[in-house]
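Below you'll find the structure, written out as structure tokens, and then a few comments.
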Amino acid sequence: MTPTMFATAPDAPGAAARLPVVLRAVAIAACVPYVTLKAAWIAGSRIGIPDGSVLLDHRGTMIVANVVTLLMDACVVLLALLLTQPWGLRVRAWLLAAPIWAASGLLAPIMVGFPLQLAVAALGGTTAAQEASDAAFLDSWVFAVVYGGFIVQGLALGGLFTLYARARWSRVWRGRIWELPSATTGPFMRAAVTAGALAALGPAALHVMWALGAEMGLSAETVASRTADFRVLEVVRALFAALAVGGAVSLAFRRFPGARVRTALAAAWVGSAVLGAWGGYLTLAALLPVADASGEVPALLPVAYAVEMISGILFACGIASLLRRRGTV
């Protein structure tokens with residue numbers, strides 16, 4: 001019989017048996033505010049968009065962007081169903097891992113960064129939401145609704161994926177690093193992780209420099225509008241890069257042999273996903289044309305983001321090699 005997440009429900013405690021169902025409902029419900037806002041904007045509503053917002057100047061571009069991001073968030077619903085239905089266990093591993101990896105990368109910095117931004121605001125710092133509101137971009141409540149929903153989505157999807165992976169691939173993270181057979185960390189993984197670590201150093205250094213106030217590689221508009229939470233997010237990005245390097249190197253070269261495989265694997269997974277997903281997103285954003293010369297992006301910026309994306313992909317290839325060698329694909 002093909003195992004399912006619900007196969008043990010009759011013997012499991014009631015709360016544990018219902019947990020996947022509850023998390024699925026929470027994940028789907030958390031999508032509603034964001035999807036509703038996007039649908040309203042596509043339909044022509046101006047809810048949350050103040051008079052004079054630059055968003056009103058580019059109607060066609062706004063529609064396309066909103067359609068794309070609406071579809072991306074709608075994928076959360078599909079993932080929530082896939083992770084809790086028996087047919088989800090028959091999906092090829094790579095076909096599931098790719099969107100989960102991307103979702104992890106896009107949501108993790110928001111889950112960490114937004115609470116820190118709120119802490120900065122509570123301590124009197126100027127936040128990006130306040131700047132956007134002052135600049136007639138979006139009403140400040142939109143950021144709370146959208147980012148709050150993203151955090152809930154991330155927590156619910158993370159819980160669902162943990163339960164799913166435990167049911168399907170529990171052997172992957174068993175034991176400690178020193179117990180990994182040498183065949184699981186072959187030359188390909190070590191080469192991919194080494195290349196990824198070297199590629200991640202440059203962008204990570206830039207994030208630290210920007211957090212400390214450096215202007216190199218930033219547009220004049222970004223320099224002029226930097227806020228306290230801009231620096232917080234740059235630190236967060238650098239920390240995720242360190243997480244990717246630490247986790248992947250630990251697995252590939254058996255550093256910290258007493259550490260648990262699941263800890264290193266989780267660090268490498270989330271860190272590489274942040275590098276790959278946000279690096280790719282920001283590369284595209286940096287290449288978009290700008291109407292104001294002050295917003296013109298220096299050539300260093302898209303290059304840095306592209307290298308960051310490549311480093312995340314290299315780490316992901318190394319992780320995939322490890323998983324495949326352990327018989328998970």
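The values are calculated or read from the model by the stated rules, or taken from the named source; none is laboratory data. All values reported here derive from a predicted model rather than from experimental measurement. Using ideal geometry, Cβ is built from the backbone for each residue, glycine included, and neighbour counts are taken over all protein chains shown. Areas reflect the complete protein model, heavy atoms only, side chains present, ligands, DNA and RNA absent. Shrake-Rupley method; radii C 1.70, N 1.55, O 1.52, S 1.80 Å.
If you check Ser225 against the conditions, is it open to solvent by less than 50 Å² (accessible area, probe 1.4 Å), at pLDDT below 95 and over 19 Å from Gly186 (Cα atoms)?
No.
Any chance region 196-206 includes a residue that's surrounded by 17 or more Cβ atoms within 10 Å (Cβ to Cβ) and over 21 Å from Ala299 (Cβ atoms)? Give the derivation first.
Going residue by residue through region 196-206, those that are surrounded by 17 or more Cβ atoms within 10 Å (Cβ to Cβ) are 196-197, 199-200, 203-204, 206.
Within this subset, residues satisfying the condition of being over 21 Å from Ala299 (Cβ atoms) are 196-197.
Yes, some residue in region 196-206 is surrounded by 17 or more Cβ atoms within 10 Å (Cβ to Cβ) and over 21 Å from Ala299 (Cβ atoms).
With the requirement that a residue be more than 18 Å from Asp73 (Cβ to Cβ), free of Cβ contacts under 8 Å to residues at least 24 places away in the same chain and surrounded by 13 or more Cβ atoms within 10 Å (Cβ to Cβ), what does region 37-57 give you?
Once the filter is applied, which keeps residues that are more than 18 Å from Asp73 (Cβ to Cβ), free of Cβ contacts under 8 Å to residues at least 24 places away in the same chain and surrounded by 13 or more Cβ atoms within 10 Å (Cβ to Cβ), region 37-57 yields only Leu56.
State the number of residues belonging to region 173-189 that are touching a Lys or Arg at 6+ places or on another chain (Cβ under 9 Å) and over 17 Å from Phe256 (Cα atoms).
Count: 3.
Inspect region 178-194 for any residue being open to solvent by 10 Å² or more (accessible area, probe 1.4 Å), small (Gly, Ala, Ser) and at pLDDT below 85 and give the result as yes or no.
Yes, region 178-194 contains a residue that is open to solvent by 10 Å² or more (accessible area, probe 1.4 Å), small (Gly, Ala, Ser) and at pLDDT below 85.
Taking region 201-243, which residues are more than 19 Å from the chain's Cα centre (by Cα), assigned to a helix (DSSP H, G or I) and either aromatic (Phe, Trp, Tyr) or farther than 22 Å from Gly312 by Cα (or both)?
Hits for region 201-243 are Trp210, Ala220, Glu221, Thr222, Val223, Ala224, Ala228.
Of the conditions (1) at pLDDT 85 or above; (2) surrounded by 15 or more Cβ atoms within 10 Å (Cβ to Cβ), Thr127 satisfies every one except a single condition; which number is it?
The one condition Thr127 does not meet is (1).
Matching residues to (1) of a type in the set (Asp, Glu); (2) under 28 Å from Leu70 (Cα atoms); (3) modelled with pLDDT under 90; (4) in contact with a Lys or Arg (Cβ under 9 Å, 6 or more places away or on another chain):
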{"position": "Arg168", "(1), (2), (3), (4)": "no, no, yes, no"}
{"position": "Arg171", "(1), (2), (3), (4)": "no, no, yes, yes"}
{"position": "Ala197", "(1), (2), (3), (4)": "no, no, no, no"}
{"position": "Trp210", "(1), (2), (3), (4)": "no, no, no, yes"}
{"position": "Val232", "(1), (2), (3), (4)": "no, yes, no, no"}
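What number of residues in region 242-253 are within 19 Å of Val172 (Cβ to Cβ) and surrounded by 20 or more Cβ atoms within 10 Å (Cβ to Cβ)?
Residues that pass the stated criteria total 8.
Any residue that is of a type in the set (Phe, Trp, Tyr), surrounded by 17 or more Cβ atoms within 10 Å (Cβ to Cβ) and modelled with pLDDT of 95 or more - is there at least one of those in region 234-241?
For region 234-241, residues of a type in the set (Phe, Trp, Tyr), surrounded by 17 or more Cβ atoms within 10 Å (Cβ to Cβ) and modelled with pLDDT of 95 or more: present.
Restricting attention to region 61-99, and to residues there that are part of a helix (DSSP H, G or I), among the hydrophobic types (A, V, I, L, M, F, W, C) and in contact (Cβ under 8 Å) with a residue 60 or more places away in the chain, which single residue is farthest from Ser272 (Cα to Cα)?
Leu89
Within region 130-146, identify whether any single residue is under 30 Å from Phe315 (Cα atoms), of a type outside the set (Lys, Arg) and either modelled with pLDDT of 90 or more or touching a Phe, Trp or Tyr at 6+ places or on another chain (Cβ under 7 Å) (or both), and answer yes or no.
Yes.
Please go through region 254-287 and pick out each residue that is hydroxyl-bearing (Ser, Thr, Tyr) and either open to solvent by less than 10 Å² (accessible area, probe 1.4 Å) or not in a helix (DSSP H, G or I) (or both). Show your work before the answer.
Taking region 254-287 and keeping what is hydroxyl-bearing (Ser, Thr, Tyr), we get 263, 272, 281, 283.
Answer for region 254-287, where residues must be hydroxyl-bearing (Ser, Thr, Tyr) and either open to solvent by less than 10 Å² (accessible area, probe 1.4 Å) or not in a helix (DSSP H, G or I) (or both): just Ser272.
Starting from region 237-260, keep only residues that are over 30 Å from Leu212 (Cα atoms), then list their pairs with residues that are open to solvent by 20 Å² or more (accessible area, probe 1.4 Å) and not hydrophobic (A, V, I, L, M, F, W, C) whose Cβ atoms are within a distance under 7 Å, requiring at least 6 positions of separation or different chains.
Ala252/Arg190; Phe253/Arg190; Pro257/Arg176; Gly258/Arg176; Ala259/Arg176; Arg260/Arg176
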